[in-house]
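*Asks:* A single structure is presented below for examination.
What follows draws every value from the coordinates through simple rules; no lab data is involved. Here the structure is a predicted model, which means the values were calculated and not measured. Methodologically, a virtual Cβ is constructed for each residue, glycine included, from the backbone with ideal geometry; neighbour enumeration extends over all protein chains shown.
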Amino acid sequence: MDSGGWSRRRFVGALAGGAAAAALPSCDDAPAPTTTAAPVPEPSAGPSRGARRPSGPRPLHLGTYTSVEGGGKGIGLAAYDPATGRITAVGIITGVGDPSYLAIHPDRRTLYAVDERDDGAVSAVRLSDRKVLGSRSTGGAAPCHLSVHPGGRWLLSANYGSGSVAVHPIDASGALGERTALVRHSAPAPGPGQEGPHAHQFVTSPDGRHVLAVDLGTDTVYTYRLDDKAGTLTEVARARTRPGAGPRHLTFHPGGRYAYLANEVDNTVAVCSYDAASGRVSVGEAQSTGTGEGTNYPAQLLVTANGRYAYLANRGHNSLTRYAVEADGARLRLLDTVPVGGDFPRQIAFSPEGTLLFAANQKSSTVTVFHVDEANGELRRAGESFRSPVAVCALPL
């Protein structure tokens, strides 16, 4: 396995000068923030009119690298105030190496993490007692993204280093079974400057009919059909970006007909159309991120639940770009950029009610929180940033 591309991806955000951040207290047996087993909107959803405003502290899980200087010791545990956005450290879940990306089961009882290493794996953690339920090989190198199929029976993961996607079954306890599918993106040929495929994301379409893999190395979005009984994958379509775009992250509009693609390499975004019947994605023209001439690596896009606004995390420019979503999702109109208040925002997420936006800033080892104005999409800082070692993922529940 040629890990050159993985090295660039992983260490492009390494801490300058090796500065270490304040670590979360290591207290695996600390009481967990109050949570509920009842399904609530996914953390990626945005402001929803009439959404119930929670009271009391809510759980926040934090991804990191455990094998780099200044990194964490496992999955960080914290609590946040849903009214003020203030974050308080709670403890650490140890026993998972390099948990750089996290996802939650629909029933909110089990947390999943990638083990972003050469010998890649995915791990399951039972949240009631923070017990690691075991790990399973992804069959590839450096898994960097994972998601749970809406039915809760399958875990989807993307191996960046080897350019492949994997499927694992989830049993009734939330634990993972042996891998049922592994597909490597052997075609088309790598894009300009790439030595091979680099799968960066693996998600389910809003209609649930297809699963889509975004590959930075081949400049392609692959559409698969997932057999819900066998856990196998059948490719049904491919969508090419312009050469050298380096697609990283795809986010659907709530209407389900359109999606927005963040292109890491050429610092652009694109509006895509999606056909639910065929699974075919069509990639539109490249659009500006509003970050100017300097070096910038777009990371992730979010869309509010009301479908009116979208936000892009910019690593390098260290900002969040705000877009107005128009024509029922068919257009993005750039509004402004807002300083993120940290260095290298690797990942962003909404609170379940969509009233807060969390930005995990890898180089500054901080998490910044913003209040989201439902009426106009404006972002307002919610106090001082929270210190978290090599913060690469923030998952509020």
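*Asks:* Over all distinct alpha-carbon pairs, what is the Kirkwood Rh of region 275-397 in angstrom?
*Replies:* 14.9 Å
*Asks:* Any idea what the dipole of the chain comes to, in debye rounded to 20, about its Cα centre with Lys/Arg Cβ at +1 and Asp/Glu Cβ at -1?
*Replies:* Roughly 440 debye for the chain.
*Asks:* Farthest toward the dipole's positive end in the chain, which of G63, Y160, Y297, given Cβ charges of +1 (Lys, Arg) and -1 (Asp, Glu) about the Cα centre?
*Replies:* Final value for the positive-end residue is G63.
*Asks:* Taking amide H atoms as placed 1.01 Å from N in the peptide plane, list the residues 5 or more away in sequence, or in a different chain, whose amide H sits under 5 Å from that of A394.
*Replies:* Amide H to amide H, under 5 Å and 5 or more residues apart or across chains, A394 pairs with G63, A360.
*Asks:* OK, next. Expressed as a fraction of 2.2 N^0.38 Å, the rule-of-thumb size for a compact globular protein of N residues, what is the C-alpha radius of gyration of region 193-316?
*Replies:* 1.04
*Asks:* Here is a further query. Looking at region 93-250, what % of the alpha carbon pairs are farther apart than 29 Å?
*Replies:* Value for region 93-250: 13 percent of Cα pairs lie more than 29 Å apart.
*Asks:* Once you wrap a convex hull around the alpha carbon atoms of region 215-283, what is its projected area averaged over all directions, in nm²?
*Replies:* Averaged projected area of region 215-283's Cα convex hull equals 4.8 nm².
*Asks:* Moving to a separate point now. Expressed as a whole percent, how much of the Cα-Cα distance distribution for region 64-109 exceeds 16 Å?
*Replies:* When all Cα pairs of region 64-109 are counted, 53 percent exceed 16 Å.
*Asks:* How big is the charge dipole of region 248-397 about its Cα centre, in debye rounded to the nearest 20, if each Lys and Arg gets +1 on its Cβ and each Asp and Glu gets -1 on its Cβ?
*Replies:* Using only the charged Cβ atoms, the result is roughly 240 debye.
*Asks:* Let me ask you something else. Please give the charge dipole size of region 53-135, origin at the Cα centre, charges +1 on K and R Cβ atoms and -1 on D and E Cβ atoms. Round to the nearest 20 debye.
*Replies:* With Lys and Arg at +1 and Asp and Glu at -1, about 540 debye.
*Asks:* Which whole number in µm²/s is D for region 54-172 by Stokes-Einstein, with the Kirkwood Rh taken over Cα pairs at 4 °C and 1.567 mPa s?
*Replies:* This corresponds to a translational diffusion coefficient of 88 µm²/s.
*Asks:* Computed from the coordinates I sent, semi-axes √(5λ) of the Cα gyration tensor in Å equals one of (i) 27, 25, 22; (ii) 32, 29, 19; (iii) 42, 22, 20. Tell me the label.
*Replies:* (i)
*Asks:* Let me ask another. Counting other Cβ atoms within 10 Å of each Cβ, which GluC sites (Glu not before Pro) in region 254-299 have at most 16 and sit in a DSSP loop?
*Replies:* Here the sparse-neighbourhood loop sites are E293.
*Asks:* Give the distance, in whole Å, between the Cα centre of region 83-132 and the Cα centre of region 345-397.
*Replies:* The distance from the Cα centre of region 83-132 to that of region 345-397 comes to 17 Å.
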